[in-house]
Amino acid sequence: MGGAAENFAFYISNIALKSGSSFALERSGVTAIVGGNNVGKSTLLREIIGSLTTERSDRSTNVLQSAVVDWQGSDADFLAWASTVAPYMVLSLSSKGFSANGQLLPAETLLMYRSHFNQQEVLGPLFQLLVHFATARDRFHYVQPTPRRGSWNEPPSHPLHRVEQDPELLRGFQAAAKDIFNAELTLDRLGGNLFFRVGKPELPAPPIDDVDIEYIGQLLALPGLEGQGDGMQSALSLLLPVVTSTFPLVLVDEPEAFLHPPQARKLGATLAKLAHSRSVQLIVATHDRHFLTGLLDADEASVSVIRLSRDGDSSVAKHLDSAKLRQAWGKASIRHSNLLDGLFHKLVVIAENERDCQFFAAALEELNKHETLPLRPHDVLFVPSAGKGNIPGLAEVLIASGVPVVASPDLDILNSEPNVERLYRAFGGDWSGISDIYKAATAEFKVSRTPRTNRQVEAIVSGILSIEPGARYSGQTKSDVSAALGVESEWKRLKDYGMAAFKSEHAKAQQLMGELAAHGIVPVHVGELERFAPQVQVGKGDAWLEAALAAHAHRGAPAQDHLRRILAAGGFTVSNGPSSP
């Protein structure tokens with residue numbers, strides 16, 4: 001008919017949920033559906049499949065409202081494409097069609113379903129050519145031994161038949177297994193069944209008409225893939241039909257099932273590369289950060305995220321498109337953080353460093369022992385930002401994904417209006433609405449430092465040097481001089497005394513804290529982490545954290561109040577609110 005296979009395309013262009021959420025999907029690449037347990041990830045995949053296979057009048061859905069399918073290319077283009085994935089067979093005048101999975105699909109039948117799809121929304125026999133759906137439960141059978149074809153000319157009806165006849169596909173699949181599991185695979189072609197063995201005979205494979213008995217012994221000594229662990233079977237059963245076929249639409253539920261984190265990451269990268277290189281639209285439901293990281297490791301692939309959450313009985317969604325996700329992933333502060341774990345939590349708290357996170361996590365666990373909280377401590381993820389300046393970028397990614405986020409920097413975030421303004425805007429705030437409140441609250445700290453005269457400097461330095469006039473000027477002496485000459489800033493009072501440092505405009509300061517908290521920003525009211533345990537006479541660092549926890553500072557009222565403020569700012573009200581600072 002003169003068609004061109006490369007002009008044909010089939011993909012889902014838009015998904016709408018019953019809750020009202022709607023989002024566009026890219027033609028190829030990966031869409032990862034994420035979220036906590038029981039939010040509807042697997043259900044959404046099943047209902048997408050149902051929307052392609054079940055009459056509209058017979059559908060019953062809980063999450064999906066509609067899935068819009070786009071076709072590109074003419075009927076001739078479609079048939080040209082079909083011939084590349086299913087050979088056209090003419091067995092007789094009345095028995096001819098595309099051979100797929102042991103069936104003959106007449107061209108007229110396929111064209112009828114294609115032309116009527118917009119009215120009926122049922123793919124019928126087109127489904128087995130266009131769509132592959134892999135669940136964690138049913139994909140194991142792909143690596144089980146399967147009978148060989150009766151004739152080499154017989155069309156493949158199983159992925160193992162495809163790798164048997166196509167050396168390039170076989171090498172691609174073996175390379176994926178090597179990359180993920182560091183395991184060699186050998187296709188056993190000698191018996192009545194085809195299957196993979198794990199390992200490689202020491203002898204090279206002999207010619208098919210001169211099989212060496214020693215080679216046979218080495219091959220038989222290798223264990224079958226179907227007897228390996230669930231993780232290996234699951235992952236390779238998922239990959240085999242994807243590697244060997246050309247489905248334009250692939251849906252996978254729990255691709256990371258049974259895998260260790262490094263293997264899940266490798267699998268994610270492999271699938272994303274396949275989706276990109278073959279222009280496949282891959283939709284996966286996952287609850288694994290390592291798999292998601294693997295998807296992003298494939299720099300060339302388009303990767304977007306749909307995060308589901310529960311709102312009563314409904315599943316609601318936020319969509320983080322590929323451009324925004326790639327832009328964020330390019331920042332080292334995000335790429336090397338545990339931020340992606342936040343997509344699977346009910347609340348994320350961003351603090352300045354790891355010690356803050358550990359102390360706050362301990363305080364939350366303690367609070368949970370004495371009060372009934374609206375969420376469990378393990379539902380909260382604490383993310384270190386490695387400095388105040390990284391908090392806005394981290395927060396923006398999670399907020400765009402619909403994750404409740406709270407920032408908890410030290411109180412001296414207020415030292416710089418541009419810094420606190422940037423943070424406020426990252427959380428969706430309009431700085432012009434509270435700029436005057438900020439200026440009024442912090443005016444008392446913006447006094448000029450009084451410079452010292454030369455005579456004063458001379459007296460200070462002389463006093464220190466006279467203690468040991470013959471000693472070498474280095475080490476502690478140099479530090480003492482530098483500290484003595486420093487002119488202390490008024491802002492330092494914020495870290496030393498916390499909210500008590502506000503004297504002339506304490507009411508304005510309280511109003512400012514309320515406005516910040518309303519947008520998810522809860523500075524440390526006592527000033528900085530170390531002020532939660534002023535009795536601990538240990539410098540900053542891991543030693544302080546260990547000493548503070550040993551002194552039960554995380555159980556004290558200041559720490560407990562701070563966690564109550566954090567939960568409230570995240571939308572989780574605690575029965576006993578924080579006491580006045």
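Worth a mention:
- Pick from the stretch 16-28, criterion assigned to a loop (DSSP other than H, G, I, E, B) and not hydroxyl-bearing (Ser, Thr, Tyr), ranking: farthest from residue 117 (Cα to Cα): 20
- Qualifying residue in the stretch 11-25 (condition: buried (at least 17 other Cβ atoms within 10 Å of the Cβ), more than 20 Å from residue 253 (Cα to Cα) and touching a Phe, Trp or Tyr at 6+ places or on another chain (Cβ under 7 Å)): no
- Within the stretch 520-531, residues that are closer than 13 Å to residue 561 by Cα have Cβ atoms under 7 Å from residues that are part of a loop (DSSP other than H, G, I, E, B) in these pairs: 523/409; 523/410; 524/410; 525/581, counting only partners at least 6 apart in sequence or on another chain.
- The residues of the stretch 340-353 that are part of a helix (DSSP H, G or I), touching a strand residue (DSSP E or B) at 6+ places or on another chain (Cβ under 6 Å) and either buried (at least 19 other Cβ atoms within 10 Å of the Cβ) or at pLDDT 95 or above (or both), listed by number, are 342, 343.
- For residue 454, the conditions (1) exposed (fewer than 13 other Cβ atoms within 10 Å of the Cβ); (2) under 27 Å from the mean Cα position of the chain (by Cα) all hold with the exception of (2).
- Test result for residue 111, modelled with pLDDT of 85 or more, of a type outside the set (Gly, Ala, Ser) and farther than 30 Å from residue 231 by Cβ: yes
- Residue in the stretch 66-74 that is touching a helix residue (DSSP H, G or I) at 6+ places or on another chain (Cβ under 6 Å), in contact (Cβ under 8 Å) with a residue 60 or more places away in the chain and in the same structural domain as residue 241 (by TED's automatic domain parsing) present: yes
- Candidate set from the stretch 62-94 (those that are polar (S, T, N, Q) and at pLDDT below 90); member that is farthest from residue 115 (Cα to Cα): 92
- In the stretch 288-308, the residues that are surrounded by fewer than 20 Cβ atoms within 10 Å (Cβ to Cβ) and out of contact with any Leu (no Cβ under 9 Å at 6 or more places or on another chain): 297, 299, 300
- Residues that are among the basic types (Lys, Arg) and surrounded by 17 or more Cβ atoms within 10 Å (Cβ to Cβ), drawn from the stretch 370-418: 388
Quick grid of which residues meet (1) in a strand (DSSP E or B); (2) touching a Cys at 6+ places or on another chain (Cβ under 7 Å); (3) surrounded by 14 or more Cβ atoms within 10 Å (Cβ to Cβ):
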| site | (1), (2), (3) |
| --- | --- |
| 118 | no, no, no |
| 128 | no, no, yes |
| 187 | yes, no, yes |
| 191 | no, no, no |
| 200 | no, no, yes |
| 204 | no, no, no |
| 222 | no, no, yes |
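Let's see how each residue does on (1) in contact with a strand residue (DSSP E or B) (Cβ under 9 Å, 6 or more places away or on another chain); (2) in a helix (DSSP H, G or I); (3) under 19 Å from residue 36 (Cβ atoms):
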site	(1), (2), (3)
359	yes, yes, no
362	no, yes, no
397	yes, yes, yes
402	yes, no, yes
406	yes, no, yes
414	no, yes, no
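- Test: residue 216 is touching a residue at least 24 places away in the same chain (Cβ under 8 Å), more than 20 Å from residue 142 (Cα to Cα) and in a helix (DSSP H, G or I): yes
- Hits in the stretch 172-200 (condition: more than 28 Å from residue 261 (Cβ to Cβ) and at pLDDT 95 or above): 187, 188, 193, 194, 195
- Matching residues in the stretch 290-316 - criterion: being of a type in the set (A, V, I, L, M, F, W, C) and not in a loop (DSSP other than H, G, I, E, B): 291, 292, 295, 296, 303, 305, 306, 308, 316
- Residues in the stretch 99-112 that are touching a Pro at 6+ places or on another chain (Cβ under 7 Å) and either in a loop (DSSP other than H, G, I, E, B) or surrounded by 17 or more Cβ atoms within 10 Å (Cβ to Cβ) (or both): 99, 105, 110.
- A count restricted to the stretch 458-475 and to residues that are of a type in the set (A, V, I, L, M, F, W, C), modelled with pLDDT under 75 and in a loop (DSSP other than H, G, I, E, B) stands at 1.
- Among the candidates 559, 517, the residue that is assigned to a helix (DSSP H, G or I), within 34 Å of the chain's Cα centre (by Cα) and surrounded by fewer than 18 Cβ atoms within 10 Å (Cβ to Cβ) is uniquely 517.
- Test result for residue 229, surrounded by fewer than 21 Cβ atoms within 10 Å (Cβ to Cβ) and more than 30 Å from residue 53 (Cβ to Cβ): yes
- Test: residue in the stretch 446-457 that is modelled with pLDDT of 75 or more and closer than 21 Å to residue 357 by Cβ: no
- Residue 319 in a helix (DSSP H, G or I), surrounded by fewer than 22 Cβ atoms within 10 Å (Cβ to Cβ) and not aliphatic (A, V, I, L, M): no
- Out of 245, 234, 277, sole residue that is farther than 30 Å from residue 193 by Cα, of a type in the set (S, T, N, Q) and assigned by TED's automatic domain parsing to the domain that holds residue 32: 277
- In the stretch 130-145, the residues that are of a type in the set (Gly, Ala, Ser) reach residues that are part of a helix (DSSP H, G or I) with C-beta atoms within less than 6 angstrom, at least six apart or across chains, in these pairs: 134/238.
- Within the stretch 29-64, being in contact (Cβ under 8 Å) with a residue 12 or more places away in the chain, assigned to a helix (DSSP H, G or I) and polar (S, T, N, Q) holds for 42, 43, 51, 53.
- Scoring residue 13 on the criteria (1) part of a loop (DSSP other than H, G, I, E, B); (2) closer than 20 Å to residue 121 by Cα; (3) of a type in the set (S, T, N, Q) leaves a single failure, condition (1).
- Residue, nearest to the chain's Cα centre (by Cα), within the stretch 364-381, restricted to residues that are in contact (Cβ under 8 Å) with a residue 12 or more places away in the chain and part of a helix (DSSP H, G or I): 379
- If only residues of the stretch 156-171 that are buried (at least 17 other Cβ atoms within 10 Å of the Cβ) and not aliphatic (A, V, I, L, M) are counted, the one that is modelled with the lowest pLDDT is 156.
The values are calculated or read from the model by the stated rules, or taken from the named source; none is laboratory data. The structure displayed is predicted, hence computed values, not measured ones. Methodologically, a virtual Cβ is constructed for each residue, glycine included, from the backbone with ideal geometry; neighbour enumeration extends over all protein chains shown.
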